[in-house]
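The values are calculated or read from the model by the stated rules, or taken from the named source; none is laboratory data. Keep in mind it's a predicted model, so treat the numbers as computed, not measured. In this analysis, Cβ positions are derived from the backbone assuming ideal geometry, glycine residues included, and neighbour counts consider all displayed protein chains. All accessible areas refer to the heavy atoms of the entire protein, side chains included, with ligands and DNA or RNA removed. Shrake-Rupley method; radii C 1.70, N 1.55, O 1.52, S 1.80 Å.
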Amino acid sequence: MTILATEALTKRYPRVTALDRLTVEVGAGVTGLVGANGAGKSTLIKILLGLVPASEGSARVLGLDPATQGQEIRRSVGYMPEHDCLPPDQSATEFIVHMARMSGLPRIAARERAADTLRHVGLQEERYRPIGGYSTGMKQRVKLAQALVHDPKVIFLDEPTNGLDPQGRDEMLRLVHRIGTEFGISVLVCSHLLGELERICDHVIVIDAGQLLRSSAIGELTQASQVISVEVEEGLEKLAARLTETGETVVVEGRSLTVQVRADETYDLLRDAVVDLDLNLVRLEQRHARIEDVFR
Amino acid sequence: MSQPTGVIHDIGYRHYDGPRLGRGAGAVALFVYSLRGTFGLGRTFKSKIMPFLLFGAMMLPAVVSIAIMALLKQAPMSYTDYAVFMQPVIAIFLAAQSPVLVAPDLRHRVIPLYLSRPVTIVDYIGAKFAAMIAALLILMVVPLTVQFVGELLIDLPMPLHTHEYLAALGGSLLNAVLLASIGLALASFTPRRGLGVASVIAFYMFTLAASAVLTGVLESEGHRDASSWSILLNPFFLVNAVQTNLFGTQPVEGLPFPSEAGPALILLAVVALALAGLYARYRKALAA
């Protein structure tokens, strides 16, 4: 199912071209949008929300045209901006109820959804206290809650892990993954950190200077460069030599050996080589290449 | 061992399949939310102090007037001059509460959250404008109405001031529209609340002083015609002039206001200019 698609989408500002003939398609699930700062991610989101007109080309979100049906799109889409956007003198509950009403929910429904959503993003008793006193992690959760409160079909998350410590990052990523799978809401998540997206996305789109660099399923990316890492007590060189003889690509990295998986036989060859040479095997693990490696 | 009695079940994510209202409902909700905000309702106790203190100050003359009617059997305070006499209180309310409506959203960058929803920037400005008009109307109309109810209940040896009361209601609406547009336009130019308060108060003080000085000078120079226009620099006199011309009531202090449509056109022009400024301000915020 196609959630959104763009066709030669171009956005020119007086001084810069933010998007340059971008053609992408995003399906259900979690999709990562990767690009350096200024690559055009925020501009793309603004166009998709129908807030900024495109210079050329077209886009569709949930089958609707942002240029003419922005309102219908915004009714079923959630947006979490990158920057701070919360009033400090209100409690999370009050604020989220208000935002739910702005999305068109009746009063009672807004209260129920706000309570539900805040529970899902993991805000407990503190939701009754003013937002001004929250930690960065809690604020990010409130920002996420306001994007989710009206039960959208798609949400756009702009750098959701910004400013979080490693534990906060893990929790936020888990939450984003849950939204895409358990909640059944499609997610377009922007980031400039590939490593993060790799853990939660089904699909990754890479843009640079407003142009599409690559768009592919996460499996394709990591499978293409699967490697095995081997560690033995002694005789690393012998093993490397034996494997090279049999036609495998081997790199010695310090105390371990990295073997490219050519085909399924590679696993058997490796096992046999270790047995034949009578080596003490310490570790044998499959290492997924980082997406970074693919785009290097 | 006893069994746990209260168990919280994780019922998982539930989708919402109830009604989804359009942008009109969103704009109305924003209007109500903003109007409550101008009186500090649903906010901290601190934010209620100022509006209620000023509301009390507005009520005081009406209460005193009722007492005078009841005890001395004298005519009530002039309905049509009420706003002019109470202008410092109304101006302070405008200065204190206009920034409450616009500054936090600008300062904390909440506007993108509104714009990612069905409401548009015009709905947003419209709701804020309507909320400020309603707040000013409550401030001005409640004391007038209380005094009128008092007049109805007390048997005075004179006819009721029904026409004056109704004219004052019309004048209050004009006043609310004019002041709300100026107050919001000035307050929206700074995301800082304190600066917003200061700029609205400064604007009022300036018009107050300029109107008085200019009128005095022109009058002493013998330019009676020009002086009757210069007095309209003060927004409260401008509204009083329009009210006088529109409803045929007595001008405040018997001032010689320009007759016919002149003052009304000025009022309309000022409101249009202020709203255009407000719109331009938010267009800029939208592009950022």
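Round to the nearest 10 and give me the degree value, 0 to 90, for the angle of helix B:162-188's Cα axis relative to the longest principal axis of chain B.
Value to nearest ten degrees: 60.
Shielding by partners for B:167-174, please: the mean number of other protein chain Cβ atoms within 10 Å of each residue's Cβ. Please report the intermediate quantities before stating the final value.
Numbers: counts 0, 0, 0, 0, 0, 0, 0, 0.
Counting Cβ atoms of other protein chains within 10 Å of each residue's Cβ and averaging gives 0.
May I ask you to derive the relative contact order of the stretch B:23-287, considering only C-alpha pairs under 8 Å and at least 6 residues apart, and to give it as an integer percent? Intermediate values should be presented prior to the final figure.
On the way: 319 pairs, mean separation 63.0, N = 265.
Relative contact order, the stretch B:23-287: 24 percent.
At a Förster distance of 45 Å, what's the computed FRET efficiency of residue B:269 paired with residue B:70, Cβ-Cβ distance as r, to 0.05? Walk me through the intermediate numbers first.
Details: r = 44 Å, r/R0 = 0.97.
Efficiency, rounded to the nearest 0.05: 0.55.
Using Cα pairs under 8 angstrom and six or more residues apart, how large is the relative contact order of chain A, in percent?
Working: 551 pairs, mean separation 58.8, N = 296.
Relative contact order, chain A: 20 percent.
What length, rounded to one decimal in nm, is gained on full extension from residue A:56 through to residue A:69, with 0.36 nm per residue of separation minus their alpha-carbon distance?
Between residue A:56 and residue A:69, full extension yields an extra 3.0 nm.
What is the Cα centroid distance between the stretch A:98-132 and the stretch B:194-254, reported in whole angstrom?
48
If the elastic network links every pair of Cα atoms under 10 Å, which of A:133, A:184, A:35 fluctuates the most in the Gaussian network model of chain A?
Largest GNM mean-square fluctuation: A:133.
Which parts of the stretch B:246-277 would a label at residue B:219 reach, counting a residue when its backbone N lies under 16 Å from a point 7 Å out along Cα-to-Cβ?
Correct set: B:251-258.
Could you state the accessible area per residue of the stretch A:16-147 in Å², with a 1.4 Å probe and every protein chain left in place?
Details: 5000 Å² over 132 residues.
Computed with neighbouring chains in place, this is 38 Å² per residue.
Would you tell me the accessible area of residue A:271, worked out with a 1.4 angstrom probe on the heavy atoms of the protein chains, in Å² to the nearest 10?
140
Send over a whole-number figure in Å² for the accessible area per residue of the stretch A:183-249, probe 1.4 Å. Walk me through the intermediate numbers first.
Working: 2900 Å² over 67 residues.
The answer is 43 Å² per residue.
Relative contact order for the stretch B:150-286: what is it in percent, counting Cα pairs under 8 Å that are at least 6 residues apart?
Details: 106 pairs, mean separation 37.2, N = 137.
Reported relative contact order: 27 percent.
Where both residues lie in the protein assembly as shown, what percent of DSSP beta bridges are antiparallel, nearest 5?
Numbers: 33 of 51 bridges.
Approximately 65 percent, going by the DSSP bridge assignments.
Which net charge results for the neighbourhood of residue A:171, defined as the other residues with beta-carbon distances under 11 angstrom from its beta-carbon, given Lys and Arg at +1 and Asp and Glu at -1?
Working: positive: A:141, A:169, A:174, A:178; negative: A:165, A:170.
Taking every other residue near residue A:171 into account, the sum is +2.
Could you check the spin-label model distance between residue A:260 and residue B:198? Points 7 Å from the Cα along Cα→Cβ, value in nm.
6.7
Between residue B:13 and residue A:84, take the C-beta separation as r, use R0 = 35 Å, and let me know the FRET efficiency to the nearest 0.05.
Details: r = 27 Å, r/R0 = 0.76.
Computed FRET efficiency for residue B:13 and residue A:84 comes out at 0.85.
Given a 10 angstrom Cα cut-off, can you work out which residue in B:109, B:14, B:36 is the most mobile in a GNM of chain B?
In this elastic network of chain B, the residue with the biggest mean-square fluctuation among B:109, B:14, B:36 is B:14.
Can you give the charge dipole size of chain B about its Cα centre, rounded to the nearest 20 debye, using +1 on the beta carbon of Lys and Arg and -1 on the beta carbon of Asp and Glu? Don't jump to the answer; show the numbers that get you there.
Values: 18 positive and 13 negative charges, 312 e Å.
Result for chain B is approximately 1500 debye, rounded to the nearest 20.
Taking a 27 Å limit on the Cα-Cα distance, which of the listed pairs A:143/B:128; A:46/A:143; A:46/B:128; A:46/A:153; A:46/B:48 fall beyond it?
On the way: A:143/B:128 23 Å; A:46/A:143 17 Å; A:46/B:128 24 Å; A:46/A:153 17 Å; A:46/B:48 37 Å.
Too far apart for the 27 Å limit: A:46/B:48.
Given charges of +1 on the Cβ of Lys and Arg and -1 on the Cβ of Asp and Glu, with all other atoms neutral, how large is the dipole of the protein assembly as shown about its Cα centre, in debye to the nearest 20? If you can, show how the numbers build up before the last one.
Numbers: 52 positive and 55 negative charges, 354 e Å.
Its charge dipole is roughly 1700 debye.
Distance in nm between label sites at residue A:238 and residue B:49, each 7 Å beyond Cα in the beta-carbon direction?
With each label point 7 Å from Cα toward Cβ, the separation is 8.5 nm.
Mind checking the angle between helix A:265-276 and chain A's longest principal axis? C-alpha axes, 0 to 90 degrees, to the nearest 10.
40
Taking chain A as a Gaussian network, Cα atoms linked when under 10 Å apart, which of A:220, A:125, A:94 shows the biggest mean-square fluctuation?
Evaluated over chain A, the most mobile residue of the options is A:125.
Tell me which trypsin sites (Lys or Arg not before Pro) from the stretch A:1-96 have a DSSP coil assignment and no more than 16 other beta carbons within 10 Å of their own. Mind showing how you got there, number by number?
Working: sites: A:11, A:12, A:15, A:21, A:41, A:46, A:60, A:74, A:75; in loops: A:15.
The qualifying sites are A:15.
Check the straight Cα-Cα distances from residue B:73 and name the aspartates and glutamates below 12 Å, setting aside those fewer than 8 residues away within the same chain.
Partners found: B:151, B:155.
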